[in-house]
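**Q** This structure is in structure tokens; I'll ask about it shortly.
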């Protein structure tokens, strides 16, 4: 065969090959005209759904359902519809690590993970970071105050800030000086003890007793008797999974009446309310219990969109509407929306590409306009505008460590379990307690 | 001193609940040769059956009976449908442990799907408190102690004075010989599962009444204490389980008073380990009602 003929033959064969490669490349690329890949992506809820902290997982699942509903109704995140999938950590690092590994291995289409409480954040954050999975954690552990994990995000303050807010509320608002610390012996609850102790002592208060109680025991009568003998003005507590219900019922029985109790933001929870209400009676709970919570207004167009879609999610999760005023539910909802908008902005489903954009969406870039509903924000992005997401939980202010926080409100329950704000800590009071606690 | 007296009084309540559960568990093992790790799952299931009745408007005391009946029937069926076929195939004791563990996990997860993870409570009369010096107990707690005493006496009477009790002891000692002597061992074993299942159900419901709140997740926690009491007293020995319950119940409360709530289980289980080192067969081995002759 003539060499020139061979060259021509090669050229002829190359043409369809180039055409085929072009088609394949177009299929795989995320062009400016929009994605051609519309595969469904997974929002993982990595949290305790069983075990002593099993009440936490449903609150985060309740965040995912309305977010996915809103995003899918708008055509998805960069054209990808989403679905929520639960991954149970049992609130135990030993179970959380394999759960996280299986979640990542079995779900290459993972978009974002929410949950990861203080029970399991320490071991699972590095796993998710290595796998380049953006995640929003509901942990208050101080080790994440300056985390180097690029894919880690936190929309809640460190636990010690919960403790500082409780101390501020007790000392400045209620004039309680003698404080009993009754926290579960799980790592998440114990994180409050040291900062609370330091702040109380430094501001002239007294810790009458510090009890680390084993969760899920059938009785705490001896512990309660011991605590009552110290005659505290108030009990600071976070002991989840029914433990507070049992403990406080025994306080009421052995003391003859309730004494004031102050809880962390995790005690503002429908499951906690229900258990404690059944144990001590709704009136005693309403009259004697206060808590601190994340500064959320529960109003505005972002909250309305969240609430509407949360209520509509009750077909998938009957208890979903109960989480309408749970700070963590609102914040994780915002986390998922911000991630979806980051995909819209990056025009990519590649996690390494859209992860940095989450900060841009949360904080807004120069000239950004605030948006409160997903569809409007998505349209603005598609129109080339800079967007700042201010959703159900209010504005986000990520620092260099992807931490964002908004301060505290002082709250109590009404008789139906709704959260009622009765006061707030001023910035000066908050700073005073933080300084006293060494924060 | 008042604190220790109060803790001793609280220990009476704890040991009562443990005793009812541990006697049922140890009789199951002693007579049927099954270490039934699904015991706590049957227990928590019974708690929820009583809860369903209670929240349908039935008094807690009638709901307690419903829980006991459920525990009895469920345990009976568990043995007939699951354990007996495995035993007939010659499954080893360790194999049966694995089967019962798997069964436990299945029951718990099905129950979790039905009942959810949330804590719930019985509707029960507060009934006021009874003070005896430093000891302060509610009326319900006093009744729980009373129920435990009555049940322990009934078990003692059953094993000591009735033909059924003697048949149980014979079956426990040597099932083949008992069968050759004309004892219908399979029927005896059926009755044992019914009786121990009822004890399991009652223990669960009184535990729920005592703690005021419960969730599906409480099940595994029960098992550890039950096994500890049974092993401490001598596995398979009802009186041993009673003694084990007394020691575990009182030690946990008194150590919470003396040291710290952090260490109450540590102290109780440290004593268990110590006893196992000094007397591996348990405190009352070969002395209980189910012990082999000689």
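**Q** Please pick out the residue among A:178, A:146, A:229 that is within 14 Å of chain B (Cβ to nearest Cβ) and farther than 30 Å from residue B:21 by Cβ. Before the answer, list the steps.
**A** On the way: A:178 fails: within 14 Å of chain B (Cβ to nearest Cβ); A:146 fails: within 14 Å of chain B (Cβ to nearest Cβ).
Exactly one of A:178, A:146, A:229 is within 14 Å of chain B (Cβ to nearest Cβ) and farther than 30 Å from residue B:21 by Cβ, namely A:229.
**Q** Also, I was wondering about something else. Restricting to segment A:221-250, name every residue that is within 22 Å of residue B:266 (Cβ to Cβ) and either in contact with a strand residue (DSSP E or B) (Cβ under 6 Å, 6 or more places away or on another chain) or in a helix (DSSP H, G or I) (or both).
**A** Those that are within 22 Å of residue B:266 (Cβ to Cβ) and either in contact with a strand residue (DSSP E or B) (Cβ under 6 Å, 6 or more places away or on another chain) or in a helix (DSSP H, G or I) (or both): A:221, A:222, A:223, A:224, A:225, A:226, A:227, A:239, A:243, A:246, A:247, A:250.
**Q** Okay, moving on. Quickly run through segment A:360-378 and pick out the residues that are touching a strand residue (DSSP E or B) at 6+ places or on another chain (Cβ under 6 Å) and at positive phi.
**A** A:364, the sole residue that qualifies.
**Q** Yes or no: residue A:328 farther than 24 Å from residue A:184 by Cβ, in contact (Cβ under 8 Å) with a residue 12 or more places away in the chain, in contact with a helix residue (DSSP H, G or I) (Cβ under 9 Å, 6 or more places away or on another chain) and outside the structural domain of residue A:220 (by TED's automatic domain parsing)? Explain how you work it out, then say what you get.
**A** On the way: farther than 24 Å from residue A:184 by Cβ: no; in contact (Cβ under 8 Å) with a residue 12 or more places away in the chain: yes; in contact with a helix residue (DSSP H, G or I) (Cβ under 9 Å, 6 or more places away or on another chain): yes; outside the structural domain of residue A:220 (by TED's automatic domain parsing): yes.
It is false that residue A:328 is farther than 24 Å from residue A:184 by Cβ, in contact (Cβ under 8 Å) with a residue 12 or more places away in the chain, in contact with a helix residue (DSSP H, G or I) (Cβ under 9 Å, 6 or more places away or on another chain) and outside the structural domain of residue A:220 (by TED's automatic domain parsing).
**Q** Identify the residue in segment A:198-226 that is more than 10 Å from chain B (Cβ to nearest Cβ) and touching a residue at least 60 places away in the same chain (Cβ under 8 Å) and, among all such residues, is nearest to residue B:223 (Cα to Cα).
**A** My answer is A:198.
**Q** Regarding segment A:275-287, can at least one residue be identified that is farther than 30 Å from residue A:250 by Cβ and either surrounded by fewer than 19 Cβ atoms within 10 Å (Cβ to Cβ) or within 14 Å of another protein chain (Cβ to nearest Cβ) (or both)?
**A** no
**Q** Still on this structure, please answer the following. Only one of A:323, A:333 is within 14 Å of chain B (Cβ to nearest Cβ), touching a helix residue (DSSP H, G or I) at 6+ places or on another chain (Cβ under 8 Å), buried (at least 24 other Cβ atoms within 10 Å of the Cβ) and within 26 Å of residue A:412 (Cβ to Cβ); which? Step through it out loud before you land on a result.
**A** Working: A:333 fails: within 14 Å of chain B (Cβ to nearest Cβ).
One residue alone meets the criteria, A:323.
**Q** List the number of the failed condition for residue B:168; all other conditions in (1) free of Cβ contacts under 8 Å to residues at least 40 places away in the same chain; (2) not in a loop (DSSP other than H, G, I, E, B) hold.
**A** It is condition (1) that residue B:168 fails.
**Q** Using the structure shown, decide if residue A:255 is more than 23 Å from residue A:159 (Cα to Cα) and surrounded by fewer than 19 Cβ atoms within 10 Å (Cβ to Cβ).
**A** When the stated conditions are applied, residue A:255 passes them.
**Q** Residue B:187 fails exactly one of the following numbered conditions: (1) out of contact with any strand residue (DSSP E or B) (no Cβ under 7 Å at 6 or more places or on another chain); (2) buried (at least 20 other Cβ atoms within 10 Å of the Cβ); (3) at pLDDT 90 or above. What is the number of that condition?
**A** So the condition that residue B:187 fails would be (2).
**Q** Looking only at segment B:102-146, filter to residues that are on the phi > 0 side of the Ramachandran plot and touching a helix residue (DSSP H, G or I) at 6+ places or on another chain (Cβ under 7 Å); which one of those is farthest from the other protein chains (Cβ to nearest Cβ)?
**A** Checking each candidate, the answer is B:133.
**Q** A follow-up question, please. Among helices (runs of 4 or more DSSP H) lying entirely in segment B:1-109, which contain 2 or more residues that are in contact with a strand residue (DSSP E or B) (Cβ under 8 Å, 6 or more places away or on another chain)?
**A** Numbers: elements: B:2-32, B:39-55, B:60-77, B:84-88.
Where helices (runs of 4 or more DSSP H) fall fully within segment B:1-109 and carry at least 2 residues being in contact with a strand residue (DSSP E or B) (Cβ under 8 Å, 6 or more places away or on another chain), they are B:2-32, B:39-55.
**Q** From B:248, B:226, which residue is within 14 Å of another protein chain (Cβ to nearest Cβ), closer than 20 Å to residue B:159 by Cβ and either buried (at least 24 other Cβ atoms within 10 Å of the Cβ) or touching a residue at least 12 places away in the same chain (Cβ under 8 Å) (or both)?
**A** Among B:248, B:226, only B:226 is within 14 Å of another protein chain (Cβ to nearest Cβ), closer than 20 Å to residue B:159 by Cβ and either buried (at least 24 other Cβ atoms within 10 Å of the Cβ) or touching a residue at least 12 places away in the same chain (Cβ under 8 Å) (or both).
**Q** Let me spell it out: the conditions are (1) touching a helix residue (DSSP H, G or I) at 6+ places or on another chain (Cβ under 6 Å); (2) crowded, with 24+ Cβ neighbours inside 10 Å; (3) in contact (Cβ under 8 Å) with a residue 24 or more places away in the chain, and residue B:254 meets all of them except one. Which number is the exception?
**A** (2)
**Q** While we're on this one: Determine which single condition residue B:203 fails, assuming it passes every other condition in (1) closer than 30 Å to residue B:106 by Cα; (2) at the interface with chain A (Cβ under 10 Å from one of its Cβ atoms).
**A** Of the numbered conditions (1) closer than 30 Å to residue B:106 by Cα; (2) at the interface with chain A (Cβ under 10 Å from one of its Cβ atoms), the odd one out for residue B:203 is (2).
**Q** Where in segment A:115-216 are the helices (runs of 4 or more DSSP H), entirely inside, with at least 2 residues that are in contact with a strand residue (DSSP E or B) (Cβ under 7 Å, 6 or more places away or on another chain) and surrounded by 24 or more Cβ atoms within 10 Å (Cβ to Cβ)?
**A** Passing ranges, in order: A:121-130, A:159-168, A:193-202.
**Q** Just checking, which of B:203, B:173, B:167 is under 17 Å from the mean Cα position of the chain (by Cα), closer than 17 Å to residue B:27 by Cα and surrounded by 12 or more Cβ atoms within 10 Å (Cβ to Cβ)?
**A** B:203
**Q** Now a separate question. Residues that are modelled with pLDDT under 85, assigned to a loop (DSSP other than H, G, I, E, B) and crowded, with 22+ Cβ neighbours inside 10 Å: does segment B:270-282 have at least one?
**A** Within segment B:270-282 (the criterion being modelled with pLDDT under 85, assigned to a loop (DSSP other than H, G, I, E, B) and crowded, with 22+ Cβ neighbours inside 10 Å), the answer is yes, since at least one residue qualifies.
**Q** Could you pull out the residue among B:241, B:235, B:261 that is touching a helix residue (DSSP H, G or I) at 6+ places or on another chain (Cβ under 7 Å) and within 20 Å of residue B:8 (Cβ to Cβ)?
**A** Only one candidate passes the filter, namely B:261.
The values are calculated or read from the model by the stated rules, or taken from the named source; none is laboratory data. Just so it is clear, the model here is predicted, and its values are computed rather than measured. In this analysis, Cβ positions are derived from the backbone assuming ideal geometry, glycine residues included, and neighbour counts consider all displayed protein chains.
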